[in-house]
Every structure is written in structure tokens, then in C-alpha cells.
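Each value in this text was obtained by applying a stated rule to the coordinates, not by laboratory testing. These numbers come from a predicted model, not from an experiment. Note that we place each Cβ from the backbone using ideal geometry, even for glycine, and neighbour counts take in every protein chain shown.
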Amino acid sequence: MGITNSIPQEIANPTSKGSESRIKEVRNKDDWKAYYNNHKDQDKLVVIDFTATWCGPCRSMEPALAELCKLFTDVEFVKIDVDELQDVAAEYGVQAMPTFLLMKKGSQVDRVVGARKDELKKKIENHHRSK
């Protein structure tokens with residue numbers, strides 16, 4: 001029993017912010033390859049958020065992503081910092097942030113460029129239903 005047992009998760013683990021804890025942060029190419037290989041054959045929708053720490057519109061989308069995590073509990077959410085994984089961002093043609101890729105079975109099925117919460121939600125709904 002450590003002292004962290006009495007501390008709320010958001011304080012004990014600052015990277016875990018309620019619903020945002022469902023957002024898997026991929027920080028290096030090996031982690032991305034492992035994640036991709038584990039999910040490329042699954043029919044589950046994966047939303048990849050290509051972001052950057054310096055990007056204001058990216059930060060403004062964080063509450064919307066937390067909300068989408070609550071709405072779509074069987075959708076995977078992944079966050080990739082373009083400065084940490086430039087090769088992965090280039091591989092998917094990411095040129096502006098935020099860029100959201102929607103993927104199924106390892107293939108891109110849709111894309112949203114910019115802080116467009118309503119468009120992202122609509123596209124998740126469309127691809128989430130098309131199982």
C-alpha cells in the first residue's frame with residue numbers, strides 16, 4: 001500500500017485525465033509498429049490524432065476527444081506527436097495539425113484535417129456503424 005492509493009488517479013498519474021486515459025499515446029516508432037501490428041487485422045475503428053505540443057488548435061480539441069472517448073467506448077483513440085514521430089506523420093501524409101485518421105483493418109477509411117469536432121464526430125459515427 002503506497003500513498004498513491006489515496007490520491008486521485010488524475011493527480012497520481014498526470015498523463016491520465018479521466019476519459020483521456022483511453023487515448024493511447026504512442027511516443028516512438030517501435031511502439032507504433034507494435035500497436036499497428038496488433039490492430040491491423042481488427043475490424044475495430046481506430047482514430048489517430050496527429051498532434052503537436054505547440055499546436056493551439058490541437059489543445060483546443062482535447063476536451064472534444066475526451067467527449068468522443070465517452071461516446072464511442074468501443075473505438076480506439078491514439079495520439080501521435082508529429083515532432084516525436086515525423087516518419088509516421090510523413091508516411092500518412094500529415095501536413096497540418098491536428099489531423100485525424102480513421103482506420104480499420106490497418107487501412108485509412110477517412111480523414112479530418114483541422115479542429116473540426118462536429119465533422120470528426122460525424123465521420124466516427126459513419127464508420128463506427130459500418131462494421
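Per-peptide packing, taken as the mean over residues of other Cβ atoms within 10 Å, places 102-114, 33-45 in the sequence 102-114, 33-45 from highest down.
Considering all different alpha carbon pairs of the stretch 85-131, the Kirkwood hydrodynamic radius works out to 11.4 Å. Residues whose amide H comes within less than 5 Å of that of GLY114, counting only those at least five positions distant or on another chain, are THR99, PHE100 (H built at 1.01 Å from N in the peptide plane). The chymotrypsin sites (Phe, Trp or Tyr not before Pro) found in the stretch 53-107 that occupy coil by DSSP, while having at most 13 further C-beta atoms within 10 Å, are TRP54. Applying both filters, DSSP loop and at most 12 other Cβ atoms within 10 Å, to the GluC sites (Glu not before Pro) of the stretch 60-131 eliminates every site.
P(r) tail, the stretch 23-128: Cα-Cα pairs separated by more than 23 Å, 18% of all pairs.
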